[in-house]
Every structure is written in C-alpha cells, then in structure tokens.
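Report on the following structure.
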Amino acid sequence: MGSALQVLHKACEVARRHNYFPGGVALIWATYYESCIGSEQSCINEWNAMQDLESTRPDSPALFVDKYAPGLPPTLLNTGSSQGHTAQHWVLSRPTEGERTERLIKAKLRSIMMSQDLENVTSKEIRNELEKQMNCNLKEFKEFIDNEMLLILGQMDKPSLIFDHLYLGSEWNASNLEELQGSGVDYILNVTREIDNFFPGLFAYHNIRVYDEETTDLLAHWNEAYHFINKAK
C-alpha cells in the first residue's frame, strides 16, 4: 500500500508539472489527492530531497530533540494538539552554556554590525566591541564570530521585492531565518544546483536543480515554477 501511494503521489506531481490537465475534469483526482496530503512539511521535504547536491546544509533548527518523557500519554506535544495522531511525548532540551553564549553572540553581533560603518571598521574592532558589550573574553569563540560576521554581512543585502507576494534573494537571504519569518515567507523556490534547503522543517520548498549559466534552459521549468509561485500567492 505504501509503495502504491508513493507512485500515486509522484504521478500527481508529474501531471501538475507538465500541465496535463488544463482545467478539465479528466484528472481532477490529482487536485483532490494533493489536497488530502496531510504530512508534516519536514516529511514532505524529505520526500522531495535532492540526492546529488554539491554541498549540503544543516537541517532546520532543532526545536525538539529525541528525549522521551515517560509517564505521559501518547500525543503530539510539539503541535499543541493530537490532530488525530498518536506519538510519543518529546520535550525541549536545555541548551548548553556554549550554545547559550553563541546565541547571545549572534544577537549582539548583528546589532553591532547594523550600527557600524562597515567600510571603516575592522573585524577586530567589531570583536572588541562585542566583548565590551558582553563583558567577557570571547577568544575561544573567535572562529565562530568570524564566520558569523561573514554570514551577517551577506544577509545585510536585502532581497528585491518583485511583486507583493514575491521576493528575489540570494543564498544569504535564504539562510536568514529571522528575515524570512519577518517578511512572512512560507514558500521558497530554490533555483540552484549546489545549494541545499536551509530550513526544510519550517518552509515549503520546491527545487529546480540547474546551474546559473547562460546555457541553462530555464523555460523548460517554467510550468513547475509558475504553479509553485501561484500556490504560494
């Protein structure tokens, strides 16, 4: 039964991508079947995972970890309701001291860089200001801070608003969770060959695996891109 459902799901995907049913009733079942898919977004993205990426990215932030809470009835604790399913209780794990420090560094560092003239300031001066504000020595976090500075620098280049419902952004924008959520983004069209999806558990992704080259035939992917963007509208 599982194999049959998977084949059916793939058939619906192909039918939609190639526009096999232009508004007719011949394949109305495809729309109905798709509307009945109720899996978590992380599972759907796992089904659509790209198998031959040149570089992969970490999964979405781990909001819940594999820590079973004994003595509690089966339910979906992380959704706020059982939704007719059964599952074990999973509970939040407290971050370590190092993780808490890294989170604070991220927040402080972004604030500092947003307030500085980056054309006339050095990375060392930024680190010194960070240590001053946090009132501690951050020598052991130097590599982490340097990497975060590069990431924040790239993310400071805002995405372009094409339409009210559509942004055009870079890899940096796609990795900026705070910006994505602040802009109300729910769907991400990833048109790259080498970049993985950054937050597969939090957003609906569609991947078009092509290189950014003049010879790339983007028109061949027009239908699937249009349907995905229209779905997000």
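The values are calculated or read from the model by the stated rules, or taken from the named source; none is laboratory data. Bear in mind the structure is a predicted one, so any value in this text is a computation, not a measurement. Here Cβ is always computed from backbone atoms with ideal geometry, including for glycine, and neighbour counts include all displayed protein chains. Side chains included, ligands, DNA and RNA excluded: accessible areas come from the protein's heavy atoms. Shrake-Rupley method; radii C 1.70, N 1.55, O 1.52, S 1.80 Å.
Let me confirm something: among Ile229, Ile208, Ile195, which residue is open to solvent by less than 60 Å² (accessible area, probe 1.4 Å), closer than 28 Å to Glu99 by Cα and of a type in the set (Val, Ile, Thr)? Exactly one residue qualifies, and that residue is Ile195.
Sort through Leu104, Leu161, Leu168, Leu92 and tell me the only one that's among the aliphatic types (A, V, I, L, M), within 27 Å of Ser183 (Cβ to Cβ) and modelled with pLDDT under 80. Even if it seems obvious, please write down each step before you answer.
Working: Leu104 fails: modelled with pLDDT under 80; Leu161 fails: modelled with pLDDT under 80; Leu168 fails: modelled with pLDDT under 80.
Exactly one of Leu104, Leu161, Leu168, Leu92 is among the aliphatic types (A, V, I, L, M), within 27 Å of Ser183 (Cβ to Cβ) and modelled with pLDDT under 80, namely Leu92.
A count restricted to the stretch 110-137 and to residues that are in a loop (DSSP other than H, G, I, E, B) and open to solvent by less than 60 Å² (accessible area, probe 1.4 Å) stands at 3. Scanning the stretch 94-120 for residues that are among the aliphatic types (A, V, I, L, M) and more than 11 Å from Met149 (Cβ to Cβ) returns Leu104, Ala107, Met114.
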